[in-house]
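Participant: One structure is given below, represented as C-alpha coordinates, and several questions about it will come after.
The values are calculated or read from the model by the stated rules, or taken from the named source; none is laboratory data. Since we're looking at a predicted model, the values are computed, not measured. Here the Cβ positions follow ideal geometry from the backbone for every residue, glycine too, while neighbour counts run over all protein chains shown. Surface areas here come from the heavy atoms of the whole protein model, side chains and all, with no ligands, DNA or RNA. Shrake-Rupley method; radii C 1.70, N 1.55, O 1.52, S 1.80 Å.
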Amino acid sequence: MEYEIESVKQLARQLEDDIPTLKLEDLQSKYMGKNGLLKQLLTDITNQSDEQKRTYGREANLLKHYFTERVSQLSSHITIDSSTEKIDPTAPFDINTPKANWPKVKGIEGTMHPLMQEMEHVLKIFQNMGFEIVESKQLDDDYHMFESLNIPKGHPARDIWDTFWTDDDLIPPAHTSTMQNRVMKERKPPIRVIVPGRCYRNEATDASHEHTFYQIEGVYVDKNISLGDMLGTIKTYLEAFFEMDLEIKVQPAYFPFVEPGCEFMISCPFCKKTGCSVCGYDGWMEIMGCGMIHPNVLKEAGIDPEEYTGFAWGFGLDRLVMIKHSIADIRRLHSGDLNFLKQF
Ligand code: PHE
(Lines give C-alpha, C1' and ligand atoms only; values in the text may rest on other atoms or scores of the structure.)
Protein backbone atom coordinates (compact mmCIF):
# COMPACT_ATOMS: atom_id res chain seq x y z
CA MET A 1 0.00 0.00 0.00
CA GLU A 2 1.31 3.47 -0.73
CA TYR A 3 0.73 6.53 1.41
CA GLU A 4 1.33 10.16 0.64
CA ILE A 5 1.80 12.53 3.54
CA GLU A 6 -1.74 13.84 3.03
CA SER A 7 -3.28 10.39 3.17
CA VAL A 8 -1.34 9.73 6.35
CA LYS A 9 -2.89 12.82 7.92
CA GLN A 10 -6.24 11.60 6.67
CA LEU A 11 -5.63 8.39 8.61
CA ALA A 12 -5.10 10.35 11.77
CA ARG A 13 -8.44 12.07 11.29
CA GLN A 14 -10.11 8.74 10.58
CA LEU A 15 -8.72 7.42 13.84
CA GLU A 16 -10.43 10.27 15.70
CA ASP A 17 -13.76 9.30 14.12
CA ASP A 18 -13.37 5.57 14.65
CA ILE A 19 -12.24 5.55 18.26
CA PRO A 20 -15.60 5.85 20.03
CA THR A 21 -16.95 2.75 18.31
CA LEU A 22 -13.85 0.55 18.42
CA LYS A 23 -13.09 -2.12 20.98
CA LEU A 24 -9.62 -2.47 22.51
CA GLU A 25 -8.82 -5.50 20.32
CA ASP A 26 -9.83 -3.57 17.20
CA LEU A 27 -7.69 -0.63 18.19
CA GLN A 28 -4.75 -2.92 18.53
CA SER A 29 -5.27 -5.02 15.42
CA LYS A 30 -6.40 -2.24 13.08
CA TYR A 31 -3.82 0.36 14.06
CA MET A 32 -1.11 -1.01 16.26
CA GLY A 33 -0.93 -4.72 15.31
CA LYS A 34 1.40 -6.64 13.01
CA ASN A 35 -0.71 -5.87 9.94
CA GLY A 36 -2.01 -2.61 11.36
CA LEU A 37 -2.08 0.62 9.42
CA LEU A 38 0.77 2.02 11.44
CA LYS A 39 3.08 -0.81 10.47
CA GLN A 40 2.18 -0.45 6.78
CA LEU A 41 2.77 3.25 7.00
CA LEU A 42 6.26 2.84 8.38
CA THR A 43 7.16 0.02 5.97
CA ASP A 44 6.09 2.27 3.17
CA ILE A 45 8.99 4.63 3.88
CA THR A 46 11.18 2.26 1.87
CA ASN A 47 9.09 2.93 -1.26
CA GLN A 48 9.77 6.65 -1.19
CA SER A 49 12.41 8.37 -3.25
CA ASP A 50 15.50 9.44 -1.30
CA GLU A 51 14.37 13.01 -1.40
CA GLN A 52 10.90 12.23 -0.08
CA LYS A 53 12.25 9.93 2.62
CA ARG A 54 13.39 12.70 4.90
CA THR A 55 10.07 14.52 5.09
CA TYR A 56 7.99 11.39 4.86
CA GLY A 57 10.03 9.68 7.58
CA ARG A 58 9.64 12.63 9.91
CA GLU A 59 5.88 12.90 9.27
CA ALA A 60 5.43 9.15 9.61
CA ASN A 61 7.28 9.07 12.91
CA LEU A 62 5.34 12.02 14.27
CA LEU A 63 2.17 10.24 13.32
CA LYS A 64 3.39 7.05 14.92
CA HIS A 65 3.73 8.95 18.17
CA TYR A 66 0.40 10.61 17.63
CA PHE A 67 -1.29 7.21 17.08
CA THR A 68 0.42 5.63 20.06
CA GLU A 69 -0.39 8.49 22.43
CA ARG A 70 -3.94 8.84 21.18
CA VAL A 71 -4.75 5.15 21.30
CA SER A 72 -3.25 4.87 24.75
CA GLN A 73 -5.16 7.92 26.03
CA LEU A 74 -8.43 6.81 24.56
CA SER A 75 -8.13 3.24 25.73
CA SER A 76 -6.87 4.09 29.21
CA HIS A 77 -10.31 3.52 30.71
CA ILE A 78 -10.27 -0.09 29.55
CA THR A 79 -9.07 -2.34 32.35
CA ILE A 80 -9.15 -6.07 32.54
CA ASP A 81 -11.52 -7.25 35.20
CA SER A 82 -9.54 -9.73 37.23
CA SER A 83 -12.67 -11.67 38.12
CA THR A 84 -13.32 -12.64 34.50
CA GLU A 85 -9.94 -12.50 32.80
CA LYS A 86 -6.85 -14.36 33.96
CA ILE A 87 -3.45 -12.73 33.46
CA ASP A 88 -0.65 -14.99 32.29
CA PRO A 89 2.54 -13.40 33.65
CA THR A 90 4.68 -15.71 31.50
CA ALA A 91 3.05 -14.65 28.21
CA PRO A 92 5.43 -12.95 25.74
CA PHE A 93 5.14 -9.20 25.96
CA ASP A 94 5.20 -6.92 22.96
CA ILE A 95 7.36 -3.95 23.90
CA ASN A 96 5.34 -1.71 21.57
CA THR A 97 2.12 -2.17 23.55
CA PRO A 98 1.01 1.23 24.90
CA LYS A 99 1.25 1.36 28.67
CA ALA A 100 -2.47 1.93 29.06
CA ASN A 101 -3.14 -1.44 27.45
CA TRP A 102 -1.00 -3.44 29.82
CA PRO A 103 -3.04 -5.93 31.83
CA LYS A 104 -4.22 -4.51 35.14
CA VAL A 105 -5.42 -6.22 38.24
CA LYS A 106 -8.21 -4.35 39.95
CA GLY A 107 -7.26 -2.78 43.24
CA ILE A 108 -3.50 -3.11 42.73
CA GLU A 109 -1.84 0.05 41.56
CA GLY A 110 1.89 -0.60 41.71
CA THR A 111 4.55 1.34 39.83
CA MET A 112 6.88 0.57 37.03
CA HIS A 113 10.31 -0.79 37.87
CA PRO A 114 13.00 1.91 37.53
CA LEU A 115 14.72 -0.12 34.83
CA MET A 116 11.54 -0.28 32.78
CA GLN A 117 10.80 3.42 33.37
CA GLU A 118 14.20 4.27 31.96
CA MET A 119 13.86 1.68 29.20
CA GLU A 120 10.73 3.52 28.01
CA HIS A 121 12.61 6.80 28.19
CA VAL A 122 15.54 5.44 26.15
CA LEU A 123 13.28 3.88 23.51
CA LYS A 124 11.38 7.16 23.14
CA ILE A 125 14.59 9.10 22.58
CA PHE A 126 15.70 6.71 19.85
CA GLN A 127 12.25 6.60 18.26
CA ASN A 128 12.36 10.37 18.03
CA MET A 129 15.73 10.01 16.31
CA GLY A 130 14.10 7.74 13.71
CA PHE A 131 15.16 4.33 15.05
CA GLU A 132 13.01 1.22 14.84
CA ILE A 133 12.83 -1.17 17.84
CA VAL A 134 13.49 -4.91 17.58
CA GLU A 135 13.73 -7.08 20.69
CA SER A 136 16.47 -9.65 21.12
CA LYS A 137 15.95 -13.31 22.01
CA GLN A 138 16.38 -14.92 25.42
CA LEU A 139 17.97 -18.00 23.85
CA ASP A 140 20.02 -17.88 20.69
CA ASP A 141 22.24 -20.09 18.56
CA ASP A 142 25.94 -20.33 17.81
CA TYR A 143 25.58 -18.66 14.42
CA HIS A 144 24.02 -15.45 15.81
CA MET A 145 26.06 -15.40 19.01
CA PHE A 146 29.43 -15.99 17.30
CA GLU A 147 29.76 -16.99 13.63
CA SER A 148 27.77 -14.09 12.13
CA LEU A 149 29.80 -11.69 14.30
CA ASN A 150 33.15 -12.65 12.83
CA ILE A 151 33.93 -14.98 15.74
CA PRO A 152 34.58 -18.40 14.12
CA LYS A 153 35.03 -21.64 16.06
CA GLY A 154 38.30 -21.60 18.01
CA HIS A 155 38.48 -17.77 18.15
CA PRO A 156 39.79 -16.70 21.58
CA ALA A 157 37.08 -13.99 21.88
CA ARG A 158 34.51 -16.77 22.33
CA ASP A 159 35.69 -17.18 25.91
CA ILE A 160 34.55 -13.69 26.93
CA TRP A 161 30.95 -14.33 25.94
CA ASP A 162 30.63 -18.08 26.41
CA THR A 163 28.15 -18.98 29.14
CA PHE A 164 26.33 -22.31 29.08
CA TRP A 165 24.53 -24.26 26.38
CA THR A 166 21.20 -26.06 26.49
CA ASP A 167 20.86 -29.65 25.22
CA ASP A 168 19.59 -28.19 21.92
CA ASP A 169 22.77 -26.13 21.46
CA LEU A 170 21.19 -22.81 22.40
CA ILE A 171 22.82 -20.16 24.55
CA PRO A 172 21.40 -17.34 26.71
CA PRO A 173 22.87 -14.37 24.81
CA ALA A 174 25.73 -12.51 26.46
CA HIS A 175 25.02 -9.39 24.40
CA THR A 176 22.41 -7.95 22.07
CA SER A 177 24.88 -8.03 19.14
CA THR A 178 23.25 -11.44 18.43
CA MET A 179 20.59 -9.48 16.53
CA GLN A 180 22.95 -7.56 14.22
CA ASN A 181 22.90 -10.17 11.47
CA ARG A 182 19.11 -10.54 11.63
CA VAL A 183 18.26 -6.84 11.52
CA MET A 184 20.64 -6.25 8.61
CA LYS A 185 19.48 -9.30 6.64
CA GLU A 186 15.83 -8.41 7.03
CA ARG A 187 16.18 -4.79 5.88
CA LYS A 188 17.70 -2.70 3.12
CA PRO A 189 19.84 0.34 4.00
CA PRO A 190 19.27 2.91 5.34
CA ILE A 191 18.98 0.77 8.47
CA ARG A 192 18.38 2.36 11.86
CA VAL A 193 17.45 -0.15 14.53
CA ILE A 194 17.85 -0.41 18.26
CA VAL A 195 17.66 -3.74 20.06
CA PRO A 196 16.76 -3.85 23.74
CA GLY A 197 17.20 -7.22 25.38
CA ARG A 198 18.22 -9.25 28.40
CA CYS A 199 21.79 -10.48 28.52
CA TYR A 200 23.50 -13.13 30.60
CA ARG A 201 27.17 -13.25 31.58
CA ASN A 202 29.46 -15.58 33.37
CA GLU A 203 30.18 -13.00 36.09
CA ALA A 204 31.00 -13.14 39.75
CA THR A 205 28.59 -10.47 41.01
CA ASP A 206 29.65 -7.42 42.98
CA ALA A 207 28.47 -3.84 43.38
CA SER A 208 29.06 -3.05 39.71
CA HIS A 209 28.65 -6.46 38.01
CA GLU A 210 25.56 -8.58 37.53
CA HIS A 211 25.15 -11.86 35.65
CA THR A 212 21.83 -10.68 34.22
CA PHE A 213 21.20 -7.21 32.83
CA TYR A 214 19.61 -5.27 29.98
CA GLN A 215 21.57 -4.12 26.98
CA ILE A 216 20.54 -1.80 24.17
CA GLU A 217 22.22 -2.36 20.84
CA GLY A 218 22.21 0.15 18.01
CA VAL A 219 22.75 -0.65 14.34
CA TYR A 220 23.04 2.04 11.68
CA VAL A 221 23.90 1.29 8.04
CA ASP A 222 23.82 3.59 5.02
CA LYS A 223 26.03 5.03 2.31
CA ASN A 224 28.95 7.22 3.45
CA ILE A 225 28.55 6.59 7.18
CA SER A 226 31.62 7.53 9.18
CA LEU A 227 32.95 7.34 12.71
CA GLY A 228 31.89 10.99 13.08
CA ASP A 229 28.25 9.98 12.50
CA MET A 230 28.60 7.37 15.22
CA LEU A 231 30.05 9.82 17.75
CA GLY A 232 27.36 12.40 16.98
CA THR A 233 24.51 9.89 17.23
CA ILE A 234 25.65 8.42 20.55
CA LYS A 235 26.41 11.85 22.04
CA THR A 236 22.98 13.15 21.00
CA TYR A 237 21.32 10.19 22.68
CA LEU A 238 23.33 10.44 25.92
CA GLU A 239 22.72 14.17 26.24
CA ALA A 240 18.99 13.55 25.87
CA PHE A 241 19.14 10.74 28.44
CA PHE A 242 21.08 12.71 31.07
CA GLU A 243 19.38 15.98 30.08
CA MET A 244 22.64 17.91 30.03
CA ASP A 245 25.57 18.75 27.77
CA LEU A 246 28.37 16.19 27.95
CA GLU A 247 31.94 16.02 26.76
CA ILE A 248 32.88 12.81 25.02
CA LYS A 249 36.01 10.88 24.17
CA VAL A 250 36.75 7.45 22.75
CA GLN A 251 39.61 5.06 23.18
CA PRO A 252 40.44 2.00 21.11
CA ALA A 253 38.91 -1.32 22.14
CA TYR A 254 38.75 -4.73 20.52
CA PHE A 255 35.50 -6.40 19.47
CA PRO A 256 35.77 -8.87 16.56
CA PHE A 257 32.60 -7.52 14.90
CA VAL A 258 33.74 -3.88 14.53
CA GLU A 259 36.78 -2.17 13.04
CA PRO A 260 37.82 0.17 14.46
CA GLY A 261 36.32 -0.65 17.84
CA CYS A 262 35.99 1.93 20.60
CA GLU A 263 35.12 2.45 24.20
CA PHE A 264 32.85 5.48 24.46
CA MET A 265 33.40 7.77 27.44
CA ILE A 266 31.50 10.76 28.79
CA SER A 267 32.48 13.50 31.22
CA CYS A 268 31.07 12.64 34.64
CA PRO A 269 27.49 14.02 34.81
CA PHE A 270 27.91 14.68 38.56
CA CYS A 271 31.22 16.47 39.01
CA LYS A 272 31.69 17.70 35.42
CA LYS A 273 35.24 16.39 35.44
CA THR A 274 36.36 17.88 38.73
CA GLY A 275 36.47 14.38 40.27
CA CYS A 276 33.98 12.66 42.59
CA SER A 277 33.31 9.23 44.06
CA VAL A 278 30.87 8.28 41.27
CA CYS A 279 33.53 8.50 38.55
CA GLY A 280 36.31 7.28 40.85
CA TYR A 281 37.91 10.78 40.81
CA ASP A 282 38.71 10.29 37.13
CA GLY A 283 36.23 12.82 35.69
CA TRP A 284 35.32 10.35 32.92
CA MET A 285 33.02 7.34 32.71
CA GLU A 286 33.17 4.49 30.27
CA ILE A 287 29.67 3.98 28.98
CA MET A 288 29.64 1.55 26.07
CA GLY A 289 31.43 -0.44 23.39
CA CYS A 290 30.94 0.68 19.81
CA GLY A 291 32.61 0.82 16.41
CA MET A 292 32.29 0.66 12.64
CA ILE A 293 30.65 -2.63 11.62
CA HIS A 294 33.30 -5.04 10.34
CA PRO A 295 33.12 -5.66 6.54
CA ASN A 296 32.87 -9.43 7.22
CA VAL A 297 29.77 -8.84 9.36
CA LEU A 298 28.15 -6.68 6.66
CA LYS A 299 28.99 -9.28 3.98
CA GLU A 300 27.58 -12.11 6.09
CA ALA A 301 24.30 -10.15 6.31
CA GLY A 302 24.19 -9.68 2.53
CA ILE A 303 25.30 -6.03 2.55
CA ASP A 304 28.08 -4.93 0.18
CA PRO A 305 30.80 -3.30 2.33
CA GLU A 306 32.12 -1.47 -0.76
CA GLU A 307 28.83 0.35 -1.06
CA TYR A 308 27.67 0.68 2.53
CA THR A 309 29.23 1.34 5.91
CA GLY A 310 27.69 1.44 9.33
CA PHE A 311 28.23 1.54 13.05
CA ALA A 312 26.96 -0.37 16.05
CA TRP A 313 27.04 0.04 19.81
CA GLY A 314 25.93 -1.85 22.87
CA PHE A 315 25.40 -0.37 26.33
CA GLY A 316 24.09 -1.70 29.61
CA LEU A 317 20.86 -0.03 30.63
CA ASP A 318 21.38 -0.98 34.28
CA ARG A 319 24.66 0.89 34.39
CA LEU A 320 23.16 4.04 32.91
CA VAL A 321 20.27 3.88 35.39
CA MET A 322 22.75 3.45 38.25
CA ILE A 323 24.66 6.52 37.15
CA LYS A 324 21.56 8.61 36.59
CA HIS A 325 19.98 7.77 39.96
CA SER A 326 23.23 7.45 41.97
CA ILE A 327 22.58 3.81 42.84
CA ALA A 328 25.68 2.44 44.52
CA ASP A 329 25.05 -1.30 44.07
CA ILE A 330 23.76 -2.77 40.80
CA ARG A 331 22.32 -5.78 42.63
CA ARG A 332 19.64 -3.59 44.21
CA LEU A 333 17.97 -3.27 40.79
CA HIS A 334 17.04 -6.95 40.73
CA SER A 335 16.59 -7.40 44.47
CA GLY A 336 12.81 -6.96 44.54
CA ASP A 337 13.31 -4.83 47.66
CA LEU A 338 10.13 -2.75 47.88
CA ASN A 339 11.70 -0.08 50.08
CA PHE A 340 14.24 0.51 47.34
CA LEU A 341 11.71 0.33 44.50
CA LYS A 342 9.23 2.70 46.16
CA GLN A 343 11.70 5.54 45.73
CA PHE A 344 11.08 5.61 41.98
N1 PHE B 1 28.51 -6.46 22.27
C2 PHE B 1 29.57 -5.72 22.92
C3 PHE B 1 29.58 -6.12 24.40
O4 PHE B 1 28.59 -6.55 24.92
C5 PHE B 1 29.37 -4.23 22.80
C6 PHE B 1 29.46 -3.75 21.37
C7 PHE B 1 28.32 -3.71 20.57
C8 PHE B 1 30.67 -3.34 20.88
C9 PHE B 1 28.43 -3.25 19.26
C10 PHE B 1 30.78 -2.88 19.58
C11 PHE B 1 29.66 -2.84 18.77
O12 PHE B 1 30.58 -6.03 25.07
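Participant: Amide H neighbours of G283 under 5 Å, counting only residues 5+ apart in sequence or on other chains, H built in-plane at 1.01 Å?
Facilitator: Amide H neighbours of G283: G275, C276.
Participant: A further question follows. What does the extension gain come out to for N296 and W102, with contour length at 0.36 nm per residue minus their alpha carbon separation? Before the final figure, lay out the partial values.
Facilitator: Numbers: separation 194, 0.36 × 194 = 69.84 nm, distance 4.12 nm.
So the extension gain works out to 65.7 nm.
Participant: Which far-off residues, 5 or more places away or on another chain, put their amide H under 5 Å from the one on I133, with H placed in the peptide plane?
Facilitator: Those lying under 5 Å, H to H, from I133 are I194.
Participant: Please compute the modelled spin-label separation between F270 and D44, points set 7 Å along Cα→Cβ, answer in nm with one decimal.
Facilitator: Here the modelled spin labels are 5.0 nm apart.
Participant: Using a 1.4 angstrom probe on heavy atoms only, work out the carbon and sulfur share of the accessible area of the range 196-255 in %.
Facilitator: Details: 1400 of 2990 Å².
Solvent-exposed carbon and sulfur of the range 196-255 make up 47 percent of the total.
Participant: Please list W313, W102, W284 from largest to smallest accessible area, probe radius 1.4 Å, with all protein chains kept in place.
Facilitator: On the way: W313 5, W102 70, W284 40 Å².
Putting W313, W102, W284 in descending order of accessible area: W102, W284, W313.
Participant: Then there's this: Within 10 Å of each candidate Cβ there may be at most 10 other Cβ atoms; applying that plus a DSSP loop requirement, which trypsin sites (Lys or Arg not before Pro) in the range 135-202 survive?
Facilitator: Details: sites: K137, K153, R158, R182, K185, R187, R192, R198, R201; in loops: K137, K153, R187, R201.
When the trypsin sites (Lys or Arg not before Pro) of the range 135-202 are filtered for loop state and at most 10 Cβ neighbours within 10 Å, K153 remain.
Participant: For the range 113-127, just list the computed ³J(HN,Hα) in residue order, Karplus coefficients 6.51, -1.76 and 1.60, θ = phi - 60°, integers in Hz, with x standing in for Gly and Pro.
Facilitator: 4, x, 5, 6, 4, 6, 4, 4, 4, 4, 4, 4, 4, 5, 4
Participant: Which GluC sites (Glu not before Pro) in the range 236-344 pass both tests, a DSSP loop state and at most 13 other beta-carbon atoms within 10 Å? Write out the running numbers ahead of the final one.
Facilitator: On the way: sites: E239, E243, E247, E263, E286, E300, E306, E307; in loops: E243, E247, E306, E307.
Those that pass, being in a loop and sparsely packed, are E243, E247, E306, E307.
Participant: Please go through the range 104-164 and write out the chymotrypsin sites (Phe, Trp or Tyr not before Pro) that DSSP classes as loop and that have at most 13 other C-beta atoms within 10 Å. Provide the component values of the computation, followed by the final result.
Facilitator: On the way: sites: F126, F131, Y143, F146, W161, F164; in loops: F131, F146, F164.
The qualifying sites are F164.
Participant: Continuing with this model, one more query. Label Y281 and D245 with points 7 Å out from Cα along Cα→Cβ: what is the distance between them in nm?
Facilitator: Simple spin-label model gives 2.9 nm for this pair.
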